[in-house]
Amino acid sequence: MSDTDSGSVLSDHERTTIEAAAARIVPSDEGAGAREAGVIDYIEGLLAADDVDTDISPREKKEYANFILGGMGGRTEEQQATLFKLHGTGSRHLQAYRDGVRELDRAAAEVASGKDFRGLDDEGQDQVLTVLDERKDPFFTLLLTHTMEGFYGHPRHGGNKDRAGWEVLGYPGPSFPHGNEKPYGWYDANEPDEFAEEKKDRSS
Amino acid sequence: MAQHETVDVCIVGGGASGLVAAKELTEAGMTVCVLERGPWYKREDFALGDELMYKRRNFFWPTVELEPRTWRPNADSPSEVLSTKTQTFSNAMCVGGGTIHYSGLSWRFHESDFRVKSEDGPVAGTTIEDWPISYEDMEPFYEKAEWTVGVSGQGWSSPFDPPRKRDYPVGPAARNSPGAALERGARKLGLHPFPTPLAILTGDYDGRPGCIGKGMCSSYGCPVGAKSSTLESMLPKALATGRLEIRPLCLSREITLDRQGKASGVTYFNAEGEEEHQPARLVVMAAGGVETARLLLLSESARFPQGLANRSGLVGKNLMFHSPGVTLVVTFPEPLDGHKGTSSTRVLHDFYKTDTSRGFIRGGFMHPRAHGGDPIELALRPIHGKRWGQEHKDSMRETWRHYLHSHCTGESLPVESNAVDLDPDLTDCYGLPVARITYTSHENDVRLATYLGERSREIYEAAGATRIIVPKPETRKLHNHQMGSCRMGNDPESSVVDKWCRSHDVSNLFIVDASVFVTGAGLNPTLTIQANAFRVCDYMVTEAHKGNLIH
């Protein structure tokens, strides 16, 4: 891994290959895709969690989790991030991603001799991913899941930059603390409501 | 081992029933210690609206690596470790338990639910029985639960409901579009939709505010304080007595016995993993249908070689899950915006009563739920044609504002071989044998689930849906309604606790969670769990005043 960036668990090649694959899973069109939403940053953040807990026993991990959870009220951002990773499915996947990138490159060479995955055009990349999808490759399912999480998940975990994924849906994001006013949708506005909405005090 | 000062009551589990008991018993003057294995989150900890952290990570649930459970379909099959996904049949492990993240559906069980055997039995392959108590016994405590917990709804709006004397303390939630869509279809078919009774306030009550329609109810905690979790409705009152100590992050490992064979307290691991002992005059189990049975089985002794309070051999047996439920995905031409509003606002009980011409007994209900703003969940559902790529993205765009989930819940009949016991081969991070679930749905459950799914399809067709996806019942699915594993009854040979939920074998041991349910009804269990806990505590307080319980 001679081209490893400082501070990243992935090499440049691995990073850009995963980014390219994610960009086919949620392609860019008139709206943002995985690339613009920074899905790769979400995935890299998850994989970095492999460093958190490799050397501690399950029991120690539990106690550490308890320690962090016990301090929930005054948790720092950093503690929240650690907790998320510790309790996340991000850990333990780094090797799967490393092997997955190799598999993408191997399959790419079968599509176009001498090319790696990054070197294929969109159609070629789709062809490779379809092969993996159709044979129910566990790495592909993992990548698919993490891409959807990074695209449609809360921006606080590094993906869905500027709520780009939510914008694609027309979803304004979680509505707390402001809440929502009636009507909520077309049907509650237009379908006759037999039950009057009474909120009177019934305590007497 | 650290020894604490003796309290009147040690309660294992600080969830739906444990905190009801904590409030009732402290207000009656008893000193109480609650041991809760999970953390003590506060209202503000639920403010993030973060699908990833709350729903898809282990914020509420323990991790499979540290605290696994296993499952097998029957005793002849090998067991497998439940995955993170399937393990979520467990309720949240935190102060407030499942009431933190439930949708809040708050039913009274119907009169027939307490006498299934005499109405519909016997049924081969099941252990259906009548409860040792009736709806009439429960009615005052249902009312107390509705008014103490804080349930919104419209009394007498369902023609199928059992009799009630008093309305709900606050009116029903504003109808959302999924509810209106159900109503549209149901009315066309001559059915009787009515406002869902919810443990979610719709206006100021008991010092808490009403719902603001933010949509994230199911699987989320409520940062508003409108959801009537026991964290909000019971705990402050119990703490105000000055007689409650609640110990989060403390996992109970054994109920200890004195020389007379009475419960003497609970040994547990504290947050640092060290063992401590809490001596108590009474022990109340409130850890849920799986973990209550597990702790009793873990508490074996020379006096109780099969596990505590298990002379009947029935601890852990007759487990019921309300499975296999069917969840439809339905899309409509106009926007529903299901991420807005309150969890559930319209429901149907038209298919609740037994009609043997359908080929099964008992029934259930259906209701559509606001989806709460869970785009990842939608993205991963197999409804988009393709799982990824442009077609998937376009489908997400078209679906997001236009879809609802519709849930069917049907009664699960008790089967003796459906059980929780101790896994002989796997331990958790504390070194304790994990809960092993043996479970296969009875054929009646599957027919019922299929039926409810098909009726739902007709309703949404009538409502003008553009697309209706009805999955097949998942017979392997477990669920978080855990009931029946320590059933109540009058006969010590065929039940674990008596009608006051007091162990037949250990006179100062009570169980107040859904373990004691004899049958499970076709309805969410929480209000019945809580009404029953109020009823049992009423008995405990009366007996204590007579000097019969605490000496």
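The condition of being in contact with a Cys (Cβ under 8 Å, 6 or more places away or on another chain), farther than 26 Å from B:Glu51 by Cβ and more than 9 Å from chain A (Cβ to nearest Cβ) holds for only one of B:Gly359, B:Gly364, that being B:Gly364. Put simply, of A:Asp41, A:Asp3, A:Asp51, A:Asp29 the only residue that is modelled with pLDDT under 95, farther than 15 Å from A:Gly153 by Cβ and in the same structural domain as A:Leu120 (by TED's automatic domain parsing) is A:Asp51. Report whether or not B:Leu189 is closer than 28 Å to B:Lys42 by Cα and open to solvent by 10 Å² or more (accessible area, probe 1.4 Å). No.
May I ask you to verify whether B:Val516 is closer than 17 Å to B:Pro132 by Cβ, without any contact (Cβ under 8 Å) to a residue 60 or more places away in the chain, of a type in the set (A, V, I, L, M) and crowded, with 17+ Cβ neighbours inside 10 Å? Here the answer is yes, as B:Val516 does meet what is asked. Being out of contact with any helix residue (DSSP H, G or I) (no Cβ under 6 Å at 6 or more places or on another chain) and open to solvent by 10 Å² or more (accessible area, probe 1.4 Å) is a property that B:Gly38 lacks. Can you name the number of the only condition in (1) under 29 Å from B:Trp107 (Cβ atoms); (2) surrounded by fewer than 19 Cβ atoms within 10 Å (Cβ to Cβ); (3) among the aliphatic types (A, V, I, L, M) that B:Leu380 fails? (1) is the only condition that B:Leu380 fails.
Note on the range B:412-481: enclosed strands (runs of 3 or more DSSP E) holding 2 or more residues that are closer than 30 Å to B:Leu298 by Cβ are B:419-427, B:433-438. Inclusion of B:Gly221 among residues that are in contact (Cβ under 8 Å) with a residue 24 or more places away in the chain, on the phi > 0 side of the Ramachandran plot and open to solvent by less than 10 Å² (accessible area, probe 1.4 Å) is not warranted. Tell me yes or no: at least one residue of the range A:138-157 is assigned by TED's automatic domain parsing to the domain that holds A:Val26, open to solvent by less than 20 Å² (accessible area, probe 1.4 Å) and assigned to a loop (DSSP other than H, G, I, E, B). Taking every residue of the range A:138-157 in turn, at least one turns out to be assigned by TED's automatic domain parsing to the domain that holds A:Val26, open to solvent by less than 20 Å² (accessible area, probe 1.4 Å) and assigned to a loop (DSSP other than H, G, I, E, B). Among all positions in the range B:51-59, there is no residue which is open to solvent by 20 Å² or more (accessible area, probe 1.4 Å), part of a loop (DSSP other than H, G, I, E, B) and closer than 28 Å to A:Thr145 by Cα.
The residues of the range B:148-205 that are basic (Lys, Arg) and not in a loop (DSSP other than H, G, I, E, B), listed by number, are B:Arg184, B:Arg187, B:Lys188. The single residue among B:Gly125, B:Gly29, B:Gly96 that is within 14 Å of chain A (Cβ to nearest Cβ) and touching a helix residue (DSSP H, G or I) at 6+ places or on another chain (Cβ under 9 Å) turns out to be B:Gly96. Only residues that are within 20 Å of the chain's Cα centre (by Cα) and open to solvent by 60 Å² or more (accessible area, probe 1.4 Å) were counted in the range A:90-106, giving 3. For the range B:335-345, a tally of residues being crowded, with 24+ Cβ neighbours inside 10 Å and facing chain A (nearest Cβ under 9 Å) returns 7.
Selection of first residues in the range B:491-511 that are farther than 17 Å from B:Lys262 by Cβ and of second residues that are surrounded by fewer than 20 Cβ atoms within 10 Å (Cβ to Cβ) and of a type in the set (S, T, N, Q), restricted to Cβ pairs under 9 Å at least 6 apart or on distinct chains, gives the following pairs, ordered by first then second residue: B:Lys499/B:Asn490. Checked against the criterion of being open to solvent by 10 Å² or more (accessible area, probe 1.4 Å) and part of a strand (DSSP E or B), the range B:312-327 contains one or more residues that satisfy it. When the residues of the range B:454-466 are filtered to those that are touching a Ser or Thr at 6+ places or on another chain (Cβ under 9 Å) and not hydroxyl-bearing (Ser, Thr, Tyr), the one that is nearest to B:Leu413 (Cα to Cα) is B:Ile459. Scanning the range B:268-311 for residues that are in a loop (DSSP other than H, G, I, E, B), on the phi < 0 side of the Ramachandran plot and within 14 Å of chain A (Cβ to nearest Cβ) returns B:Asn270, B:Ala271, B:Glu272, B:Glu274. Considering only the range B:43-61, I want to know if a residue exists there that is in contact (Cβ under 8 Å) with a residue 60 or more places away in the chain and more than 14 Å from chain A (Cβ to nearest Cβ). Checked the range B:43-61: no residue is in contact (Cβ under 8 Å) with a residue 60 or more places away in the chain and more than 14 Å from chain A (Cβ to nearest Cβ). Can you give me the number of residues within the range A:142-182 that are small (Gly, Ala, Ser), more than 20 Å from B:Arg56 (Cα to Cα) and within 7 Å of chain B (Cβ to nearest Cβ)? Final tally of qualifying residues: 2. Just one of the listed residues (B:Ala180, B:Ala199) is under 16 Å from B:Lys227 (Cβ atoms) and either within 13 Å of chain A (Cβ to nearest Cβ) or buried (at least 18 other Cβ atoms within 10 Å of the Cβ) (or both), and it is B:Ala199. The listed residues are B:Phe332, B:Phe269, and the only one of them that is modelled with pLDDT under 95 and crowded, with 18+ Cβ neighbours inside 10 Å turns out to be B:Phe269.
Taking each residue of the range A:107-121 that is open to solvent by less than 30 Å² (accessible area, probe 1.4 Å) and looking for partners that are among the hydroxyl-bearing types (Ser, Thr, Tyr) and modelled with pLDDT of 95 or more with beta-carbon atoms closer than 9 Å, six or more apart or interchain, yields A:Phe117/A:Thr17. The single condition among (1) surrounded by fewer than 24 Cβ atoms within 10 Å (Cβ to Cβ); (2) touching a strand residue (DSSP E or B) at 6+ places or on another chain (Cβ under 6 Å); (3) of a type outside the set (Ser, Thr, Tyr); (4) at pLDDT 95 or above that B:Gln390 does not meet is (2). Just a yes or no: is a residue in the range B:80-90 surrounded by fewer than 21 Cβ atoms within 10 Å (Cβ to Cβ), in contact with a strand residue (DSSP E or B) (Cβ under 9 Å, 6 or more places away or on another chain), in contact (Cβ under 8 Å) with a residue 12 or more places away in the chain and charged (D, E, K, R)? Checked the range B:80-90: no residue is surrounded by fewer than 21 Cβ atoms within 10 Å (Cβ to Cβ), in contact with a strand residue (DSSP E or B) (Cβ under 9 Å, 6 or more places away or on another chain), in contact (Cβ under 8 Å) with a residue 12 or more places away in the chain and charged (D, E, K, R). When B:Leu549, B:Leu527 are checked against the criterion of being out of contact with any Ser or Thr (no Cβ under 6 Å at 6 or more places or on another chain) and open to solvent by less than 20 Å² (accessible area, probe 1.4 Å), a single residue qualifies: B:Leu549.
A Cβ distance below 8 Å, combined with a sequence gap of six or more or placement on separate chains, defines the contacts here; from the range A:175-193, residues that are under 27 Å from B:Leu48 (Cα atoms) reach residues that are open to solvent by 90 Å² or more (accessible area, probe 1.4 Å) in the pairs A:Gly185/B:Arg401.
The values are calculated or read from the model by the stated rules, or taken from the named source; none is laboratory data. Note that this is a predicted model, so its numbers are computed, not measured. All Cβ positions, even for glycine, are placed from backbone atoms using ideal geometry, and neighbour counts span all protein chains on display. Calculation scope for accessible area: heavy atoms of the full protein, side chains included, ligands and nucleic acids excluded. Shrake-Rupley method; radii C 1.70, N 1.55, O 1.52, S 1.80 Å.
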